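The values are calculated or read from the model by the stated rules, or taken from the named source; none is laboratory data. Fair warning: this is a prediction, and the values are worked out from it, not measured in the lab. Positions of Cβ are generated from backbone atoms using ideal geometry, with glycine treated the same way; all protein chains shown enter the neighbour counts. These area figures cover heavy atoms from the full protein model, side chains too; ligands, DNA and RNA do not enter into them. Shrake-Rupley method; radii C 1.70, N 1.55, O 1.52, S 1.80 Å.
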Amino acid sequence: MIHYHGGPCPGTRDDNVKFFKGRDCLLSFAYKDAGDEQLLFEVCRTFILDNGAFTVWRNGGKLDIDGFYSWVDGYRKHPRFEWFLIPDVIGGTESENDRLVASCKTSFDLKHQCCPVFHLGERLERFNFFHELGYRRVALGSANGIDLKSTAFWNEMRKIFHYLDKELDMPFKVHGLRMLDPEIVSSFPFSSGDSSTASRNAIADINWKHRYS
């Protein structure tokens with residue numbers, strides 16, 4: 001599976017080059033001005049773009065959806081661009097998020113460049129909706145009060161993968177949002193996942209005696 005590391009990492013331009021060279025990168029719309037995105041995309045192997053909805057929600061703001069699509073459109077033909085996460089409303093209703101999924105900009109290839117988000121705890125039938133619209137990738141996000149690696153998390157994840165396999169014959173590549181924990185990765189057949197832990201701690205000495213190799 002592909003491991004996407006959240007960027008940019010703290011430190012200098014050289015630190016970012018050393019960390020992201022040859023790695024796969026995820027950059028959030030919420031942090032696009034925090035570093036040199038052109039530099040990251042020049043040295044990384046591939047990259048995906050996150051809408052930043054979780055960060056915006058956590059800070060009490062409102063996502064600039066038009067601004068996000070304009071930003072993504074600038075990278076649509078970049079040779080290392082893979083796909084992006086369709087904007088979603090954290091804590092919103094399924095109807096609100098379904099409207100955002102259905103209105104995804106049609107200049108992108110729905111099958112390969114657009115990825116809707118499914119929040120744990122939502123109705124499994126939403127996957128049928130994604131499939132009918134032509135999406136072939138879906139991201140799983142732990143929201144709705146369900147914490148990663150909690151009992152509720154494991155129960156929801158098992159139900160999701162059982163439904164995708166038995167009811168829909170596994171039509172999607174599945175991405176795990178913030179799910180690169182080895183215990184999670186080894187438990188389910190992900191296509192990819194992301195985390196910012198490694199990039200945050202790559203040059204820090206708080207938790208580690210030595211730098212990441």
Calculate the spin-label point distance for D15 paired with L133, positioning each point 7 Å from the Cα along the beta-carbon direction, and give it in nanometres. 3.8
Sparse-neighbourhood loop sites, trypsin sites (Lys or Arg not before Pro) in region 69-112 - DSSP loop, at most 10 other Cβ within 10 angstrom: K77
Relative contact order (percent, whole number), region 54-199, Cα cutoff 8 Å, 6+ residue spacing: 17
Per the C-alpha gyration tensor (a ≥ b ≥ c, the square roots of its eigenvalues), region 54-206 is rounded if a/c is under 1.5, else prolate if a/b beats b/c, else oblate; here it's rounded
Solvent-accessible area of R178 with every protein chain in place, 1.4 Å probe, in Å² to the nearest 10: 110
Measuring from label point to label point, each 7 Å out along Cα→Cβ, what is the I2 to K77 span in nm? 2.1
A student applying the Cα gyration tensor rule (rounded when a/c is under 1.5; otherwise prolate if a/b is larger than b/c, oblate if not) would label region 134-175 oblate
Rh_Kirkwood(region 1-65) over Cα pairs, Å, one decimal, evaluates to 12.2
Distance in nm between label sites at A152 and S70, each 7 Å beyond Cα in the beta-carbon direction? 3.8
Exposure rank, largest accessible area first [S186, S150, S103, S192; 1.4 Å]: S186, S103, S150, S192
Using a 1.4 Å probe on the protein chains only, how many percent of the accessible area of the chain belongs to carbon and sulfur? 48
Considering only DSSP states other than H, G, I, E and B, which chymotrypsin sites (Phe, Trp or Tyr not before Pro) in region 10-98 qualify as loop sites with at most 14 other Cβ atoms within 10 Å? none
For region 127-199, the per residue accessible area (1.4 Å probe, Å²) is 46
